[in-house]
Amino acid sequence: MNLHYLASVLMGGIAALDATPVAQTMISQPLVTATVLGMVWGDLPTALQVGIVLQILAVSTQPVGAKSGEDYASGGVVGASLALALVSRQPFLLVREASAMAGVLVGIAVAIFGSALTRMLRRLNEGLGRWAESEVRAGREGALGAAQRAGVVLCFGIGVSYSAACLGLSLWGLSRFVDTESLRLAKAWNLAQPLWLGLGLAQMLQSFVQRHLVRGALFGAALIASWIILMVGVR
Amino acid sequence: MPLGSGDLRRVVLRTHLLQATWNYERQQGVGWAWSLQPVIERLYPKGETRTERLAEHTAYFNTQPTLASVALGAAAALEEQRANGEPVDADIMARVKGVLGSALAAIGDRLFWFTLRPFAACVGLIFATRGMWVGALLLWACYNALHLVIRTRGVEWGYRGGPGVLSEGLRAALERLIGRLSVMGSMLVGILTAVLLVPGGEPREVTFQVLLIAGLVLGLLSAARARPTPSQWALGLGVLTVASAWLR
């Protein structure tokens, strides 16, 4: 069990790295981190329930220019890990849905508050930048590499610490609540899940359609055609 | 001394850490200088000029991180001309970096953040909603099929094209790509919506369908305003549903 928590926290660091400083290969996307964590914890269905909702919401966050959007890298890791940890204690359907509700809500909150941490990291990097330039001007060119390494280590450390703190706090605060109120939380999940999915689908549609009527029409045509194929395919 | 393919490969490897020290003051400046370091070391084997060139490159720079490789290639070509005694000074270098940075960001943000990322997410989600782990793999592969290719080849494109790299058909090719991905993406969102409404051929209950459409309409209506953000809407809706579960 402790190894599972360790894997979750390390995943928080890896996701924080992938989100901005290293490679940006989308390992940090909630669907990817949730799937990996689901495999590690041995409960893919719960992880996917949370990962799908957080992924569809994460699409609305655009890291354009100097904007520090919501931190869905940490949100995805904490949300999925929290749900997995809660379900691992009582693997019943109601608890699974209640845990998914708690996981997604906490995941969104972690993502929103994480943007403040991103801003803090960027301020800390300002000092590194100034130091690197002054060192290079003094003839110590290796300072560039040292600053880059420091930036990576700092981001990993912050990612790990933030994920660990959020996971620890939410587990401490929500475990008993989910145990005693799983029926109500499961009801809330059945209401919130489709609303979140619809909200996320709208963001995706907005990204692609961009006021092109033809693309809007293609969306409608693909929706109707897929609907018919899925319905007829059963019969 | 001319630049070899080995020098450009070292730049390519370093582009993966372009944003390691991203900050509000210089943005990608330090990462840019570090990525270009192999080129500077080759062109200026030693001495004060090398230090001066490197320090110069730590200044402000920002663009979309994948397409930054194109700008790095163009800057490498310009540095080569400069080292060969051609009339390229610090001002010209700064101007080229500024113009390329803005132009590449304008295309790159639309291609990677507004189109490819939602497209890859859509592909992954279609499979993940059926409980398949392969959805995550497809999301990752779909994005990186383009991201890693452009990041790897971009330095060479920039080096060959120089400062005018975007006028040689690259811009048109990327714009075409954005258009095609957007068309396919629109259809994919339609397929994903159908898969969510009729998973495995069995339609979801009416409440689910109505709420999903309500969320979709709310999302489209709220998209016109910057605040509240979609995530803030999502958090608000989540809290509201929890509260309603207590009231029912």
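What residue, among those in region A:188-206 that are touching a residue at least 12 places away in the same chain (Cβ under 8 Å) and farther than 14 Å from B:LEU216 by Cβ, is surrounded by the fewest Cβ atoms within 10 Å (Cβ to Cβ)?
Going through the qualifying residues, I end up with A:ASN190.
Within region A:48-71, can you find the residues that are more than 9 Å from every other protein chain (Cβ to nearest Cβ), in contact (Cβ under 8 Å) with a residue 12 or more places away in the chain and not β-branched (Val, Ile, Thr)?
A:GLN49, A:LEU54, A:SER68, A:ASP71
Would you check which residues across region A:50-62 are under 11 Å from A:PRO30 (Cα atoms) and open to solvent by 10 Å² or more (accessible area, probe 1.4 Å) and list them?
A:ILE52
Could you check B:SER231 against (1) crowded, with 16+ Cβ neighbours inside 10 Å; (2) modelled with pLDDT of 95 or more and say which number it fails?
Failed condition: (2).
Kindly provide the set of residues from region B:126-152 that are open to solvent by 20 Å² or more (accessible area, probe 1.4 Å) and touching a residue at least 60 places away in the same chain (Cβ under 8 Å), ordered by number.
Of everything in region B:126-152, those that are open to solvent by 20 Å² or more (accessible area, probe 1.4 Å) and touching a residue at least 60 places away in the same chain (Cβ under 8 Å) turn out to be B:ILE126, B:THR129, B:ARG130, B:THR152.
Any chance region A:22-37 includes a residue that's under 30 Å from B:THR152 (Cα atoms), surrounded by fewer than 24 Cβ atoms within 10 Å (Cβ to Cβ) and in contact (Cβ under 8 Å) with a residue 24 or more places away in the chain?
Yes, region A:22-37 has at least one match.
May I ask you to verify whether B:GLY200 is farther than 22 Å from A:TYR72 by Cβ, open to solvent by less than 30 Å² (accessible area, probe 1.4 Å) and in the same structural domain as B:LEU116 (by TED's automatic domain parsing)?
no
Quick one: count up the residues across region B:209-228 that are at the interface with chain A (Cβ under 7 Å from one of its Cβ atoms) and open to solvent by 10 Å² or more (accessible area, probe 1.4 Å).
Qualifying residue count for the region: 7.
If I ask for residues that are in contact with a helix residue (DSSP H, G or I) (Cβ under 9 Å, 6 or more places away or on another chain), among the charged types (D, E, K, R) and part of a helix (DSSP H, G or I), which ones from region B:107-160 would you list?
Result: B:ARG110, B:ARG117, B:ARG151, B:ARG153, B:GLU156, B:ARG160.
Considering (1) more than 8 Å from chain A (Cβ to nearest Cβ); (2) open to solvent by 50 Å² or more (accessible area, probe 1.4 Å); (3) modelled with pLDDT of 95 or more, say which one B:VAL239 fails and leave the rest.
Unmet condition: (1).
What are the pairs, 6+ residues apart or on separate chains, where a residue within region B:200-218 that is on the phi > 0 side of the Ramachandran plot has its Cβ under 7 Å from a residue that is polar (S, T, N, Q) and surrounded by 13 or more Cβ atoms within 10 Å (Cβ to Cβ)?
No pair meets every condition.
With the condition kept exactly as written, say whether any residue in region A:172-184 is modelled with pLDDT of 90 or more, under 24 Å from B:TRP233 (Cα atoms) and facing chain B (nearest Cβ under 7 Å).
Yes, region A:172-184 has at least one match.
Which members of region B:21-70 meet the condition of being among the small types (Gly, Ala, Ser), within 9 Å of chain A (Cβ to nearest Cβ) and open to solvent by less than 10 Å² (accessible area, probe 1.4 Å)?
B:GLY29, B:GLY31, B:ALA33, B:ALA55
If I filter region B:176-192 down to residues being open to solvent by less than 10 Å² (accessible area, probe 1.4 Å) and out of contact with any Gly (no Cβ under 9 Å at 6 or more places or on another chain), which single residue comes out as farthest from B:PHE114 (Cα to Cα)?
B:LEU192
Answer with yes or no whether A:LEU37 is at negative phi, assigned to a helix (DSSP H, G or I) and at the interface with chain B (Cβ under 10 Å from one of its Cβ atoms).
Here the answer is no, as A:LEU37 does not meet what is asked.
For region B:120-149, name all the residues that are facing chain A (nearest Cβ under 10 Å) and among the β-branched types (Val, Ile, Thr).
B:ILE126, B:THR129, B:VAL134, listed by residue number.
Among the residues of region B:1-20 satisfying the criterion of being among the charged types (D, E, K, R) and open to solvent by 20 Å² or more (accessible area, probe 1.4 Å), which is farthest from the other protein chains (Cβ to nearest Cβ)?
B:ARG9
Out of the residues in region A:210-226 that are open to solvent by 90 Å² or more (accessible area, probe 1.4 Å) and of a type in the set (A, V, I, L, M), state the one that is farthest from the other protein chains (Cβ to nearest Cβ).
A:LEU213
Yes or no, residue by residue, for (1) more than 8 Å from every other protein chain (Cβ to nearest Cβ); (2) of a type in the set (A, V, I, L, M, F, W, C):
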{"residue": "B:VAL96", "(1), (2)": "yes, yes"}
{"residue": "B:ASP109", "(1), (2)": "no, no"}
{"residue": "B:PHE114", "(1), (2)": "no, yes"}
{"residue": "B:PRO118", "(1), (2)": "no, no"}
{"residue": "B:ARG151", "(1), (2)": "yes, no"}
{"residue": "B:GLY161", "(1), (2)": "yes, no"}
{"residue": "B:LEU170", "(1), (2)": "yes, yes"}
{"residue": "B:LEU174", "(1), (2)": "yes, yes"}
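Just checking, which of A:SER74, A:SER115, A:SER81 is hydroxyl-bearing (Ser, Thr, Tyr), part of a helix (DSSP H, G or I), more than 9 Å from every other protein chain (Cβ to nearest Cβ) and more than 30 Å from B:GLY108 (Cα to Cα)?
Step by step, each of A:SER74, A:SER115, A:SER81 is checked, and only A:SER81 is hydroxyl-bearing (Ser, Thr, Tyr), part of a helix (DSSP H, G or I), more than 9 Å from every other protein chain (Cβ to nearest Cβ) and more than 30 Å from B:GLY108 (Cα to Cα).
Cβ-Cβ distance below 6 Å, separation of 6 or more or different chains: which pairs start in region B:181-199 with a residue that is closer than 19 Å to B:VAL217 by Cα and end on one that is of a type in the set (Val, Ile, Thr)?
Filtered contacts from region B:181-199: B:SER186/A:VAL209; B:LEU192/B:ILE126; B:VAL195/B:ILE126; B:VAL195/B:THR129.
The values are calculated or read from the model by the stated rules, or taken from the named source; none is laboratory data. Small disclaimer: the values here were computed from a predicted structure and weren't measured. Neighbour counts are summed over all protein chains in view; Cβ atoms, including those assigned to glycine, are modelled from backbone coordinates with ideal geometry. Surface accessibility is based on the protein's heavy atoms, side chains included, excluding ligands, DNA and RNA. Shrake-Rupley method; radii C 1.70, N 1.55, O 1.52, S 1.80 Å.
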